[in-house]
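J.: Got a structure for you, written out below as structure tokens; questions coming shortly.
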Amino acid sequence: MKFSILIAYYNNSVFLKQCFDSILQQTYKNWEVIIVDDCSAESEKKVLKELIAGDSRFSLYENEINKGTGYTKKRCAEMATGDICGFLDPDDAITPDALEESIKIYANKNIVATYSQFYVCDGNLNIEKLFPYSREIKNGDPYFFNIYFDIAHFFTYKKEIYDTTEKINENISSSVDQDLYLKIYERGDFYFIKKPLYLYRIHQKGISQDKKKKEKLYKNWHQVLLDTLERRGIKVLYKKKVQNIKSLPNFIFEKQNTLIKRIIRKIT
């Protein structure tokens, strides 16, 4: 099977070398990298082009104007030619066995996606801790919304399954991964790899804590959850009409964070 590593790129040259090196170090060799640049500065694109020059496994596509994360990630998914796909942010990295550990799970034909544990790292990609909330989830639950980020990096999925969905929402600028996870979740079984395969970098150029950007993030997350409920035909959630819920992320978190449910999550 061929693996497509998908990279939505925008002015990340300062971190790109570590990402690039982690790809070259993969123990699984049948891969391609699809990079879509979202109209980065010319100096940023120059670094990217020099890094991948002469390696036919890397394909670069460029948006004519800045289109945002949703559009760019959707285009990455469309350009992929592999059987299995997985997104890698250009400021992060994957462990050398990330592709090998993920792709072998697909020997089970019922699996449509995998996800793993991941490391939280500092600005220099030094490991600080293991992300504590990744865990095995129940498959086929219409009321699973990934509200606790049980599903996160390193996430991989079957391209043929993705093509049966509504695809990534190109109009959102955040919660794009959540949108992808929930759509694929509705198509079959997920498999949790209890091993860290991804290095997630925390740095100043990451998601801002600016109040306006946080408001936009929650707005996008609300939209993703609203779309999910519509796809699943759920009009009433915890005895309240969905149309009357102003913030679905907050509402669902409160309803799914009771003492009993916390205990159940802990023991399972």
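Coordinate-derived values only; no laboratory data. The structure presented is a predicted model; accordingly, all values stated were derived computationally and were not measured. So basically every Cβ, Gly included, is an ideal-geometry build from the backbone, and we count neighbours across all protein chains shown.
J.: Within 10 Å of each candidate Cβ there may be at most 13 other Cβ atoms; applying that plus a DSSP loop requirement, which trypsin sites (Lys or Arg not before Pro) in the range 103-167 survive?
T.: On the way: sites: 104, 109, 129, 135, 138, 158, 159, 167; in loops: 109, 135, 138, 167.
Taking the range 103-167 and a limit of 13 other Cβ atoms within 10 Å, the loop trypsin sites (Lys or Arg not before Pro) found are 109, 138.
J.: Past the 21 Å Cα-Cα mark, which pairs from 183/239; 29/74; 109/158; 45/158?
T.: Working: 183/239 24 Å; 29/74 25 Å; 109/158 10 Å; 45/158 30 Å.
Checking Cα-Cα distances, 183/239; 29/74; 45/158 exceed 21 Å.
J.: Hey, rough spin-label estimate for residue 254 and residue 24, points 7 angstrom out along Cα→Cβ, what's it come to in nanometres?
T.: Label-label distance for residue 254 and residue 24, simple model: 5.2 nm.
J.: Using the per-residue mean of other Cβ atoms lying within 10 Å as a proxy for protection, in what order, highest first, do the peptides 8-16, 53-61, 224-232, 94-102 fall?
T.: Values: 8-16: 19.7, 53-61: 12.3, 224-232: 18.1, 94-102: 21.4.
Descending mean neighbour count gives 94-102, 8-16, 224-232, 53-61.
J.: Please compute the modelled spin-label separation between residue 143 and residue 65, points set 7 Å along Cα→Cβ, answer in nm with one decimal.
T.: 4.5 nm
J.: Which residues does the label zone of residue 42 cover in the range 1-21, counting backbone N under 20 Å from a point 7 Å along Cα→Cβ?
T.: Counting backbone N atoms under 20 Å from the label point, the list is 10-14.
J.: Ok, one more. Which GluC sites (Glu not before Pro) does the range 39-73 hold that lie in a coil by DSSP with at most 15 other beta carbons within 10 Å? Intermediate values should be presented prior to the final figure.
T.: On the way: sites: 42, 44, 50, 62, 64; in loops: 64.
Loop-located and lightly packed - 64.
J.: Taking Cα atoms of the range 3-208, Rg/Rh with Kirkwood Rh, to two decimals? The partial results should precede the final answer.
T.: Details: Rg = 16.0 Å, Rh = 17.2 Å.
That ratio equals 0.93.
J.: Placing +1 on the Cβ of each Lys and Arg and -1 on the Cβ of each Asp and Glu in the chain, which of 152, 76, 102 has its Cα farthest towards the positive end of the resulting dipole?
T.: Result: 152, furthest along the dipole toward the positive end.
J.: Enumerate the amide H contacts of residue 31 below 5 Å, restricted to partners 5 or more residues apart or on another chain; note that Pro and chain-start residues carry no placed amide H.
T.: Long-range HN contacts for residue 31: 3.
J.: Moving to a separate point now. For the range 132-209, what is the relative contact order in percent, using Cα pairs closer than 8 Å and at least 6 residues apart in sequence? Walk me through the numbers before you get to the answer.
T.: Details: 46 pairs, mean separation 30.0, N = 78.
So the answer I get is 38 percent.
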